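The values are calculated or read from the model by the stated rules, or taken from the named source; none is laboratory data. This is a predicted model, so every value here is computed, not measured. We place every Cβ from the backbone using ideal geometry, glycine too, and count neighbours over all the protein chains shown. The protein model used for the area step is the full one, side chains on, heavy atoms only, and it has no ligands, DNA or RNA in it. Shrake-Rupley method; radii C 1.70, N 1.55, O 1.52, S 1.80 Å.
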Amino acid sequence: MAQLFTQTASNAFRVLIVLSLLASAGAVLLGYVWARSDAVWNVGKPAPQPVPFRHDLHTGSLGIDCRYCHTNVERAADAGMPSAQTCMSCHSQVWTGASILEPVRSSLVLGQPISWASVHRLPDFAYFNHAAHVTRGVACETCHGRVDQMTRTVKTQTMSMGWCLECHRDPAPHLRPREEVFTMGYEPHRESLPDDVRAFYSEARQRLTSCNTCHR
Ligand code: HEC
Ligand code: HEC
Ligand code: HEC
Ligand code: HEC
Ligand code: HEC
């Protein structure tokens, strides 16, 4: 058969093909890593707060229940944020004159809520509901991590759609007994989940992954 290209030309061509294949594989990989990278989702980045509130101290050391400050978490879509009154129930007695608590005192005087910066806000087109999760055995720790050890509150999960769906496709292994949802550092007891709960969630999968569950 007659040669169409010279030997060097076809060698160069082969090299070119291999290089472009490598480049496109690299681009796909990079895109994948980028989409998955926690930095894109601000994971681990604290937000500037008006008062340097510490969960490690208040929930970890002092052992205050999450519901003392996030009062709606079992009843409503939003967990709710503490008012100045809630802080002052203690801080009218401890650290009374502390300048770092000035925003709390002035909020009380002005009757305006403290403007905490949020670290978890979802875009408006995505719907989330705390009560729906907490009352079904999805724990704070599962979505927010070891809050009781945080000096500055940060995201530990991306809160991306892919992350939501990972659980919604098969929630059963992530569930805890109802009384353990506030527990931090929970170790599952390796007891198998009741069959009816398993059966319920293999049914619920369809509903939990349909677009209008979260985009309504
Ligand atoms: C149940 C009581 C209680 C409540 C409610 C409470 N605190 Fe405290 N807080 C304390 C105690 C006790 C300390 C001091 C601990 C110490 O000195 O070791 C403290 C310390 C602090 C400190 C100083 C932390 C540091 O850097 O050492 C800040 C800031 C603070 N609290 C902010 C708040 C804010 C903001 C709220 C409301 C969202 C609040 N606290 C609600 C009991 C409470
Ligand atoms: C004494 C009051 C208090 C208690 C108790 C408390 N928190 Fe908070 N929480 C706050 C304050 C104040 C903020 C806002 C400042 C910050 O983000 O650090 C906050 C913020 C948060 C956020 C971030 C909210 C956002 O804007 O995205 C999460 C998540 C959270 N708390 C979870 C918990 C969990 C879980 C518990 C129980 C283990 C708990 N909190 C107990 C006062 C409290
Ligand atoms: C299934 C995951 C999930 C669980 C379980 C969960 N959260 Fe959240 N949390 C979120 C998401 C997502 C947001 C952002 C909500 C938004 O922007 O609409 C959020 C926001 C918050 C906020 C700030 C805004 C608000 O809603 O007022 C607080 C405080 C909070 N969570 C506390 C808690 C506490 C306390 C628990 C446990 C009782 C808990 N969360 C359980 C996913 C979860
Ligand atoms: C660790 C598991 C888990 C994660 C993560 C999770 N969910 Fe859920 N979600 C559940 C379970 C379990 C239910 C309750 C299903 C039931 O029994 O109706 C639920 C229910 C819901 C419901 C209510 C459905 C209804 O019909 O009432 C909405 C809305 C929802 N999830 C949105 C979200 C969003 C948005 C995210 C991500 C930001 C998220 N979920 C992350 C487990 C999870
Ligand atoms: C379990 C909840 C859940 C379900 C089910 C769900 N989504 Fe989402 N979706 C989210 C959340 C949360 C976000 C926002 C993530 C972010 O950008 O912060 C989102 C974002 C999006 C976006 C914007 C993407 C972007 O990059 O900004 C589109 C488009 C979308 N969803 C389409 C869909 C479609 C189509 C379906 C059905 C096949 C669906 N979603 C099902 C939770 C859900």
Next on the checklist: Taking only the Cα atoms of the chain, how large is their convex hull per residue, in Å³?
Outcome noted: 238 Å³
Next on the checklist: Using Cα-Cα distances under 8 Å and only pairs 6 or more residues apart, what relative contact order does the chain have, in percent?
Outcome noted: 24 percent
Checklist entry - Hey, can you rank 63-74, 146-157 by average C-beta count inside 10 Å, highest first? => result 146-157, 63-74
Checklist outcome for this item: Membrane-span-like helices (DSSP H runs, Cα span along own axis at least 30 Å, mean Kyte-Doolittle at least -0.5) in the chain -> 7-36
Checklist entry - Counting only protein heavy atoms and using a 1.4 Å probe, what share of the accessible area of region 120-214 belongs to carbon plus sulfur, as a whole percent? => result 53 percent
Item to check | Prolate/oblate/rounded label for region 10-129 (Cα gyration tensor, a/c 1.5) | outcome: prolate
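Give the accessible surface of region 120-214 per residue, rounded to a whole number of Å², with probe radius 1.4 Å and ligands, DNA and RNA excluded.
65 Å²
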Next on the checklist: Between region 95-120 and region 126-199, what is the separation of their alpha carbon centroids in Å?
Outcome noted: 30 Å
